[in-house]
There are 2 protein chains.
Amino acid sequence: MKENRYDNEEFFRKYSEMNRSVLGLKGAGEWKALEKILPDFSGKTVLDLGCGYGWHCRYAAEHGASRVLGIDISRRMLETAKEKNSAGQIEYCQAAMEDLSFPDGSFDIVFSSLAFHYVKDFEPLAASISRWLTPGGSFVFSVEHPVFTAYGSQDWYYDENGNILHFPVDRYYYEGERQAIFLGERVTKYHRTLTTYLSALLDNGFELRRVVEPQPPEEMMDIPGMQDEMRRPMMLLVGAVKR
Amino acid sequence: MKENRYDNEEFFRKYSEMNRSVLGLKGAGEWKALEKILPDFSGKTVLDLGCGYGWHCRYAAEHGASRVLGIDISRRMLETAKEKNSAGQIEYCQAAMEDLSFPDGSFDIVFSSLAFHYVKDFEPLAASISRWLTPGGSFVFSVEHPVFTAYGSQDWYYDENGNILHFPVDRYYYEGERQAIFLGERVTKYHRTLTTYLSALLDNGFELRRVVEPQPPEEMMDIPGMQDEMRRPMMLLVGAVKR
């Protein structure tokens, strides 16, 4: 996540108009599924990697977390986080998550929402997170689904009349950089396989508790494009516990 | 797996000519990855669901299993299994796996290779397998990958000159029956999501040990079509342990 589109003025403006930015957690299609796999925050220390506007930091604080550290590389995101989602237990800090360093066992819970697909190497990060967690600590995250990141463009495949035919998968086992268009801007993301995500956890002392591909919720089905989200998996949610 | 194409004469003939039928385990692209996640068979009782020609039963017997029960719905497959892969510890039995019933804790290892995508409901089967296993017992299986089964036809998407463009994904969250063409015959398979496969295990007392999407092995890359298998995940291997 060393590249940082979110401090680009135009990109940030468009991002700030997205449902998930305006409405917070309730505006995110995956939130209900994600909430179900969250651990109990009461009295826990929490690290949020790629915290963005800080909605999840606030949720953790409101659910009893004793200390929440939100990390993001974007100055603009953190400014908004401080504006919208401040609380006594929450601290925000600007950093690239690859550069972080904490003493072993610093956190009870490590959380990340839709940020790891901006990170080039997941395995070393998973190893670090395992060290940063207390034994029995929770690691819960969402990422873009490998099916969604494989091809690169992250767009549907259309017929000549502009109707969606299907979603294209290609280059699945060729991990690495992909150039996607997000909010009209070219954004660099990193594709990796499901195997790579899960093996990084299993190889670094985690036990998998939940692996969930969230479906669009019933009550959002009238949002334009949401019905089509039944046709491909776009996100992957993982809940794990450090042994 | 109640439908049984393998007793159709023409289908069986074509199946018998496939590399995996002629060469056994060495002819199966996923075998090396699958072998890596197999448990130790020494002195263990093994159930093989959808055993086909019995190659895996023989492998288990040759690796010290004390008793191996191979189940398949196809009479023809089992005839060949008895011919090619017999041993004192191996018993073959014709049955649909949905109809099986064993006392609790009957097996140390339950194994299945590329058979569960013929089964309509995976969850009740996972529950049964959990009961049939001894505590600490292993459940290892391969299935067609949800990416491969989602669309239905299981074929690439081509341009007007017959060149592969990509692999199509569609109807991902609509689980159920799919009609695919396999060896020139219409075959009924069942698509389910990754979430459904893994949740059935996590909800039935299993701990996930490995989740692997096997890549085509280097030494098979000169087999026609194998290079293209780098472009999509075709199989999913899962290794789990009963708590």
For the stretch A:140-172, what are the residues that are under 17 Å from B:LEU165 (Cβ atoms) and assigned to a helix (DSSP H, G or I)? A:VAL147
I'm trying to understand the selection: among the residues of the stretch B:211-243, which are surrounded by fewer than 19 Cβ atoms within 10 Å (Cβ to Cβ) and not in a loop (DSSP other than H, G, I, E, B)? B:GLU218, B:GLU219, B:MET220, B:GLN227, B:ASP228, B:MET230, B:VAL241
Selection count, the stretch A:5-18, where residues are in contact (Cβ under 8 Å) with a residue 60 or more places away in the chain and part of a helix (DSSP H, G or I): 9
If you check every pair at least six apart or on different chains, which have Cβ atoms under 9 Å apart with a residue in the stretch B:81-96 that is surrounded by 14 or more Cβ atoms within 10 Å (Cβ to Cβ) first and a residue that is part of a loop (DSSP other than H, G, I, E, B) and modelled with pLDDT under 95 second? B:ALA96/B:MET1; B:ALA96/B:LYS2; B:ALA96/B:ASN4
I'd like the residue in the stretch B:33-47 that is of a type outside the set (Gly, Ala, Ser) and surrounded by fewer than 16 Cβ atoms within 10 Å (Cβ to Cβ) and, out of all such residues, is nearest to B:ARG131 (Cα to Cα). B:ASP40
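If you take the residues of the stretch B:176-198 that are of a type in the set (S, T, N, Q) and touching a residue at least 40 places away in the same chain (Cβ under 8 Å), which of them is surrounded by the fewest Cβ atoms within 10 Å (Cβ to Cβ)? Talk me through it step by step, then tell me what you get.
Of all residues in the stretch B:176-198, those of a type in the set (S, T, N, Q) come to B:179, B:188, B:193, B:195-196.
Subsequent filtering for residues that are touching a residue at least 40 places away in the same chain (Cβ under 8 Å) retains B:188, B:193, B:196.
Numbers: B:THR188: 15, B:THR193: 19, B:THR196: 17.
Filtering first and then ranking leaves B:THR188.
Looking for something at the interface with chain B (Cβ under 9 Å from one of its Cβ atoms) and free of Cβ contacts under 8 Å to residues at least 60 places away in the same chain - is there at least one such residue anywhere in the stretch A:129-136? Let's see the steps before the verdict.
Taking the stretch A:129-136 first, the residues at the interface with chain B (Cβ under 9 Å from one of its Cβ atoms) are none.
No, the stretch A:129-136 contains no residue that is at the interface with chain B (Cβ under 9 Å from one of its Cβ atoms) and free of Cβ contacts under 8 Å to residues at least 60 places away in the same chain.
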Which one of these does A:ARG5 not meet: (1) at pLDDT 90 or above; (2) more than 15 Å from the chain's Cα centre (by Cα); (3) of a type in the set (D, E, K, R)? (1)
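Of all residues in the stretch A:15-52, which are among the hydroxyl-bearing types (Ser, Thr, Tyr) and touching an Asp or Glu at 6+ places or on another chain (Cβ under 8 Å)? Let's see the steps before the verdict.
Just the residues of the stretch A:15-52 that are among the hydroxyl-bearing types (Ser, Thr, Tyr), to begin with: A:15-16, A:21, A:42, A:45.
Across the stretch A:15-52, the qualifying residue is only A:THR45.
Name the residues in the stretch A:19-32 that are surrounded by 15 or more Cβ atoms within 10 Å (Cβ to Cβ) and in a helix (DSSP H, G or I), would you? Let's see the steps before the verdict.
Restricting attention to the stretch A:19-32, the residues satisfying the condition of being surrounded by 15 or more Cβ atoms within 10 Å (Cβ to Cβ) are A:20-21, A:24-25, A:27-32.
Answer for the stretch A:19-32, where residues must be surrounded by 15 or more Cβ atoms within 10 Å (Cβ to Cβ) and in a helix (DSSP H, G or I): A:ARG20, A:SER21, A:GLY24, A:LEU25, A:GLY27, A:TRP31, A:LYS32.
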Considering each residue of the stretch B:200-215, count those that are in contact (Cβ under 8 Å) with a residue 60 or more places away in the chain and facing another protein chain (nearest Cβ under 8 Å), and give that number. 5
Only listed residue being touching a Lys or Arg at 6+ places or on another chain (Cβ under 8 Å), modelled with pLDDT of 95 or more and within 13 Å of chain B (Cβ to nearest Cβ), chosen from A:ARG178, A:ARG171, A:ARG192: A:ARG171
Given the criteria touching an Asp or Glu at 6+ places or on another chain (Cβ under 9 Å) and at pLDDT below 95, does B:GLY64 qualify? no
Looking at the stretch B:157-168 only, could you name the residues that are of a type in the set (Phe, Trp, Tyr) and either buried (at least 17 other Cβ atoms within 10 Å of the Cβ) or within 7 Å of chain A (Cβ to nearest Cβ) (or both)? B:TYR157, B:PHE167
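Tell me, please, whether a residue that is among the hydrophobic types (A, V, I, L, M, F, W, C) and within 14 Å of chain A (Cβ to nearest Cβ) can be found in the stretch B:84-105.
The initial filter retains those residues of the stretch B:84-105 that are among the hydrophobic types (A, V, I, L, M, F, W, C), namely B:87, B:90, B:93, B:95-97, B:100, B:102.
Subset that is within 14 Å of chain A (Cβ to nearest Cβ): none.
Checking the stretch B:84-105: not a single residue is among the hydrophobic types (A, V, I, L, M, F, W, C) and within 14 Å of chain A (Cβ to nearest Cβ).
Consider B:GLU10 carefully, then state whether it is in contact with a strand residue (DSSP E or B) (Cβ under 9 Å, 6 or more places away or on another chain) and either crowded, with 19+ Cβ neighbours inside 10 Å or among the aromatic types (Phe, Trp, Tyr) (or both). Let's see the steps before the verdict.
Values: in contact with a strand residue (DSSP E or B) (Cβ under 9 Å, 6 or more places away or on another chain): yes; either crowded, with 19+ Cβ neighbours inside 10 Å or among the aromatic types (Phe, Trp, Tyr) (or both): no.
No.
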Criterion first (touching a Pro at 6+ places or on another chain (Cβ under 6 Å) and farther than 20 Å from A:VAL212 by Cβ) does A:TYR151 satisfy it? yes
Output the residues belonging to the stretch A:138-175 that are without any contact (Cβ under 8 Å) to a residue 40 or more places away in the chain and within 27 Å of A:MET97 (Cβ to Cβ). A:TYR151, A:GLY152, A:SER153, A:GLN154, A:ARG171, A:TYR172, A:TYR173, A:TYR174, A:GLU175
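Does the stretch B:85-120 hold any residues that are hydroxyl-bearing (Ser, Thr, Tyr) and either modelled with pLDDT under 95 or not in a helix (DSSP H, G or I) (or both), and which are they?
We begin by selecting, within the stretch B:85-120, every residue hydroxyl-bearing (Ser, Thr, Tyr); these are B:86, B:92, B:101, B:106, B:112-113, B:118.
Of everything in the stretch B:85-120, those that are hydroxyl-bearing (Ser, Thr, Tyr) and either modelled with pLDDT under 95 or not in a helix (DSSP H, G or I) (or both) turn out to be B:SER86, B:TYR92, B:SER101, B:SER106, B:SER112, B:SER113.
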When the stretch A:39-84 is examined, which residues are found to be of a type in the set (A, V, I, L, M), in a loop (DSSP other than H, G, I, E, B) and touching a helix residue (DSSP H, G or I) at 6+ places or on another chain (Cβ under 8 Å)? A:ILE73
Answer yes if at least one residue in the stretch A:148-155 is within 14 Å of chain B (Cβ to nearest Cβ), surrounded by fewer than 23 Cβ atoms within 10 Å (Cβ to Cβ) and among the acidic types (Asp, Glu), and no otherwise. yes
Which of the numbered conditions does B:MET235 fail, given that it passes all the others? Conditions: (1) within 10 Å of chain A (Cβ to nearest Cβ); (2) within 17 Å of B:LYS36 (Cβ to Cβ). (1)
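The values are calculated or read from the model by the stated rules, or taken from the named source; none is laboratory data. Note that the structure is a prediction, hence the values are computed from the model and not measured. Backbone-built Cβ (ideal geometry, glycine too); neighbour counts: all protein chains shown.
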